[in-house]
1. Taking the residues in region 237-249 that are among the polar types (S, T, N, Q) and assigned to a helix (DSSP H, G or I) as candidates, determine which candidate is least open to solvent (accessible area, probe 1.4 Å).
2. Residues that are in a helix (DSSP H, G or I) and at pLDDT 95 or above: does region 480-496 have at least one?
3. Say we look at region 332-356 and pick out the residues that are touching a Leu at 6+ places or on another chain (Cβ under 9 Å) and free of Cβ contacts under 8 Å to residues at least 60 places away in the same chain; which of these is least open to solvent (accessible area, probe 1.4 Å)?
4. Answer yes or no: is there a residue in region 180-199 that is more than 20 Å from V267 (Cβ to Cβ), of a type in the set (K, R) and in contact with a helix residue (DSSP H, G or I) (Cβ under 9 Å, 6 or more places away or on another chain).
5. Considering each residue of region 462-473, count those that are open to solvent by less than 10 Å² (accessible area, probe 1.4 Å) and assigned to a helix (DSSP H, G or I), and give that number.
6. Return the only residue of T323, T315, T378 being surrounded by fewer than 24 Cβ atoms within 10 Å (Cβ to Cβ) and over 30 Å from F511 (Cβ atoms).
7. Starting from residues that are touching a helix residue (DSSP H, G or I) at 6+ places or on another chain (Cβ under 8 Å) and in a helix (DSSP H, G or I), keep the ones in region 396-416 and report whichever is most open to solvent (accessible area, probe 1.4 Å).
Amino acid sequence: MGYGAVVTPEGINFSIFSKDATRVTLCFFESPTSPEPYAKLDLDPVQNKSGDVWHALVPQAKPGDLYLYRIDGPHEPERGLRFDYSRYLLDPYAKCYSEGSVYKAFGESSTRGLDAMYIKGRDPMKAHLFPKCVVIDDNEFDWEGDRPLNLPLEKSVIYEVHLKGFTANKNSGVENPGTYLGFAEKIGYLKELGVTTVELLPIQEFDENENGNTNPKNGERLTNYWGYSTIGFFAPKNTYAADRSPGGPVREFKQLVKEMHKAGIEVILDVVYNHTSEGNERGYTFEFKGIQNDQYYILPPDRQYYMNYSGCGNTFNCNQPNTMNFIMDSLRYWVQEMHVDGFRFDLASILCRDQWGQINGFPPLTNWIAVDPVLANTKIIAEPWDAGGGYQVGYFPGGRWSEWNDRFRDDIRRFVRGDEFTSTAAATRISGSSDIYLHNGKKPASSINYISCHDGFTMNDLVSYNGKHNDENGEGNRDGSDNNNSYNHGYEGECTNCKIEGLRLRQLKNFIALLMISQGVPMLLGGDEFRRTQNGNNNAYCQDNETSWFDWSLAEKNSELLNFTRAMIRLRKERPTFRRRDFFGESEAEKARGVDIVWYDFDGRMPDWSKLNRFLAGMIYGRDFDNDFYIAANTDTHDMNLILPTPEGGKLWARVVDTSFPAGEEVAESGKEEVLQVQNRYVIPANSFVVLMAVRK
């Protein structure tokens, strides 16, 4: 029948796992703000318990009802047990939560208790502020035949975006800003941009009130804006819904997915199974701690404490059988009932840690996710590192996983910036990072390529700031990475100098062009296409305001870059040369045809890789499935006169991309490529990127 609250013809069946509980009470509430339950059901350990599962069929219950649990048992932190019957507990399998705040219910933020351990029953709980679980009937929504799209990964162009921030600004022009409905109103924009897949920052239920910091400049309370601190692993976030009535967020999220699929756009969720929002031994008990603390979390030998490989206080015990089963149930639910197309797993190396916290070379969970029949066509993407030193880029276990490739990010940033002797690394990244992924049957699509993501500078800030400016986060500018490989091009921040701004714009075009022609799967940070800025903040996790929200006036102001991005995405989608399924020369057919890529120096000779500096050029052979292409990048401060190789078969070179060209002329429309008047030479200006295509006379 499954855990949680399951609708049956006879009523609602409630069930919850707890191995060491001695008493379980199911509590029903009239409204989200009710301070006390109107009905309680004490589960009989003889009649209402099977193995370690407590359950009850309640004929009077119905969809939309609100409920919580209270569970008693040993409170022995030294054994890892933290039962506390004074606490109301959330059902981890709840598919929706009412409005409310875990942290407001306790009267203060999670930073409470830095001077004291958690004491059973010490803090009074304001139940009228505490969120309630909502009974959901998944059969009531009409999907109209919708199914996950399951687009081939190598044909994907991913757009990473915060659901609320996409439309929260008043100038977004939507009727329901910051909501699932508001996001749906912008589907036309995404379709015109050309992206195939939207990757949403966490939309599984979290509590934005978790952050106790204040902005030192204006005194305003900061929030957990990004949402990397999950409370409800089956529930879409309540406050992202225009309809917050019981069940409203579920219906609204399903409607968004259905509308996205109608437009041919996939939905991937950024999910956080590495830790929960209950924190460490000083945190509150409102869910897993009060259900079966010693199985859900990785604990040290002194079991009153918590191992912290997440940097957030605790670590989910991902390869413990009950926890692993919980994670699999959650993933399957989002695919089967919510129709999502895939997942990006935050700090995914934690998914590989065993019950002692050690990295397992063959972890059950990641392998199960990879081979699970329900998830067989689902995209699974790892952030292949964690906060405890786990780093598995190129070696994330499980077979078919793709990975965020931070080496692509860093090498391309340094190359475009003009760092010395980065050409070799850039060539390797552009050609699919075979040094990382050409093993164990991995393909170029194993590499998720990106220049910027939510965590760090936006692409605009990458070319506008030398250092981070995180003062408004309330952490003394100590938070956020100092390793940004950024360059302000002569002035820190926004400026009106036309020369500096012109160079910044060209560098942004270079970044986008390189991202779109590289082998692997491109991921674009939402707003980078029109120069969204966070004013130098490279860790805006707490900024639920104009710092993080999309400023849609920039789409018009920076339409030149927006149009260029659309054109580069279109080029990638039209040309299979830039989205190959195999590495260059990998397949037997390609080996028989000869080489598929040849690299050159500016003088047309084979490069001496030990001396190649601030320049890169190569000829990619399309063979029988596409045209041949010549690509060249000049990241130096002076122009170069290139000697071009001669195209095969008597063909001629035609210009496809030149980032130094005026607005609107940088990318040629398909079929309108300009044949070069001089076929053996080409002048590539400083800080420019060029793509030529071999065409018939």
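The values are calculated or read from the model by the stated rules, or taken from the named source; none is laboratory data. The structure displayed is predicted, hence computed values, not measured ones. Every residue, glycine among them, receives a Cβ derived from its backbone with ideal geometry; neighbour counts consider all protein chains shown. These area figures cover heavy atoms from the full protein model, side chains too; ligands, DNA and RNA do not enter into them. Shrake-Rupley method; radii C 1.70, N 1.55, O 1.52, S 1.80 Å.
1. The selected residue is N238.
2. no
3. C352
4. Step one: list which residues in region 180-199 are more than 20 Å from V267 (Cβ to Cβ), which gives none.
No; the residues of region 180-199 include none that is more than 20 Å from V267 (Cβ to Cβ), of a type in the set (K, R) and in contact with a helix residue (DSSP H, G or I) (Cβ under 9 Å, 6 or more places away or on another chain).
5. 2
6. Only one candidate qualifies: T323.
7. Taking region 396-416 first, the residues touching a helix residue (DSSP H, G or I) at 6+ places or on another chain (Cβ under 8 Å) are 396-403, 405, 407-408, 411-416.
Checking which are in a helix (DSSP H, G or I) leaves us with 407-408, 411-416.
Details: R407: 96, F408: 0, D411: 19, I412: 0, R413: 16, R414: 71, F415: 0, V416: 3 Å².
So the residue we want is R407.
A quick yes/no check of all residues on (1) in a helix (DSSP H, G or I); (2) hydrophobic (A, V, I, L, M, F, W, C); (3) under 30 Å from L612 (Cα atoms); (4) modelled with pLDDT under 95:
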site	(1), (2), (3), (4)
G357	no, no, no, no
L375	no, yes, no, no
A387	no, yes, no, no
V393	no, yes, yes, no
F421	no, yes, yes, no
